[in-house]
Amino acid sequence: MSTVAVVAGFSQTNRWLMYASFMLAPAQFVGGLGSNCPSNIGFLAYNWYTQIQWYQAVKAKQLHALSLLPVHFNFLYVLTYLGGITSGNIFMGLILGLGTAGVMILNTISAWTSWATNQQDGFGVYQFFFFGWRTLSPGWHTFILLWQIADSILAFGCVLTALTISVMVTRKDFDEDKLPWYLHTYPMILLGSVAMLLAGWELILWAELIVSRNHIESETDMVAVWLFVAQVGAMLIPSCGSVLGCFRSGFRGPRSSPEEHGLV
């Protein structure tokens, strides 16, 4: 069967980098705690770029069967975006909180637009796996609508969470020497990735089955690749807890121990 070429940016390389970014979310969260380095800016930039790519492709109707995925990715990513909201100072916290809330909103808009304008073209054509192979129809379109409504409610809650936690964590002192070993960036890269893979492997598999079944092909977007490299590089920068300390004074509450904020 002939392949279907869609807009660049959804190649196997690009998709697996998206999954890798998803799995690194816990490490991103831990790496930002008490850090004055912009360790989560790379995470935010990568997420914004990929979501803009999704939105532009949806608006141009260039996704073919991939139009089934935005509602699915909305569920997959709305929680993991929260991994990028931690920082050691209020200024960076506000940027990360507002930026994360914005990308969640854009993600939701893309999913609704895809449902409303893209999927009808695939009735009787686009196939997906749901307890066996199914073909998109008006009935399944309604089922996806219910999924989208649930996702939107979840996204609204996560937007409020992002705005709240991004400020709250800047008011806490996180002494790295007192945190348990697993609440450091490098151990969390492995532990967090395993946990996220166990939680989300079904969703990743579902997406890959859609790509394979509908014979989707796409060229690799190298901008997204290099943004992912920058994201990982920024995450691996050692904490700058003692640098730019002036940003921290005056915005924190009383010093607290890890036990007080439930980390141990």
Full-extension gain between A60 and L236, please, as 0.36 nm times their residue separation minus the C-alpha to C-alpha distance.
59.7 nm
Quick one: what do you get for segment 135-215 if you divide its Cα Rg by 2.2 N^0.38 Å?
1.63
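Let me spell out the model: positive unit charges on the Cβ of Lys and Arg, negative unit charges on the Cβ of Asp and Glu, origin at the Cα centre of the chain. What dipole size does that give, in debye rounded to 20?
Details: 11 positive and 13 negative charges, 69 e Å.
Rounded to the nearest 20 debye, it is 340 debye.
If you average 1/r over every pair of different alpha-carbon atoms in segment 18-239 and take one over that average, what Kirkwood value in Å do you get? Working shown, then result.
On the way: mean 1/r = 0.0551 Å⁻¹.
One over the average 1/r among Cα pairs gives 18.1 Å for segment 18-239.
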Sequence gap at least 6, Cα distance under 8 Å: using those rules, report the relative contact order of segment 18-239 to the nearest whole percent.
37 percent
Can you give me the distance in nm between label points at I105 and T142, each placed 7 Å from the Cα along the Cα-to-Cβ direction?
3.3 nm
Cβ-based exposure ranking for M23, M168, M222, M104, in which fewest neighbours within 10 Å come first:
M222, M168, M23, M104
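What's the FRET efficiency of L98 with A20 using the Cβ-Cβ distance as r and R₀ = 22 Å, to the nearest 0.05?
Approximately 0.30, to the nearest 0.05.
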Full-stretch length increase - L154, F130 - with 0.36 nm per residue and alpha-carbon distance subtracted:
6.4 nm
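Within the chain, which is the longest segment that contains none of the GluC sites (Glu not before Pro) sitting in a DSSP loop with at most 11 other Cβ atoms within 10 Å?
Numbers: sites that count: E259, E260.
Answer - 1-258.
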Quick one: angle between helix 69-80 and the longest Cα principal axis of the chain, in degrees between 0 and 90, rounded to 10, please.
10 degrees
Is it possible to state the helix-based mean residue ellipticity at 222 nm for the chain, with each DSSP H run of 4+ residues giving -39500 (n - 2.57), the sum divided by total residues, to the nearest 500 deg cm²/dmol? What is it?
-20000 deg cm²/dmol
Any idea which of M23, L96, L68 is furthest toward the positive side of the dipole for segment 18-239, if Lys and Arg beta-carbons carry +1 and Asp and Glu beta-carbons -1?
L68
Residues whose placed amide H lies under 5 Å from that of Y126, excluding near-sequence neighbours
L136
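No lab work stands behind these numbers, since they all come straight from the coordinates. Here the structure is a predicted model, which means the values were calculated and not measured. Backbone-built Cβ (ideal geometry, glycine too); neighbour counts: all protein chains shown.
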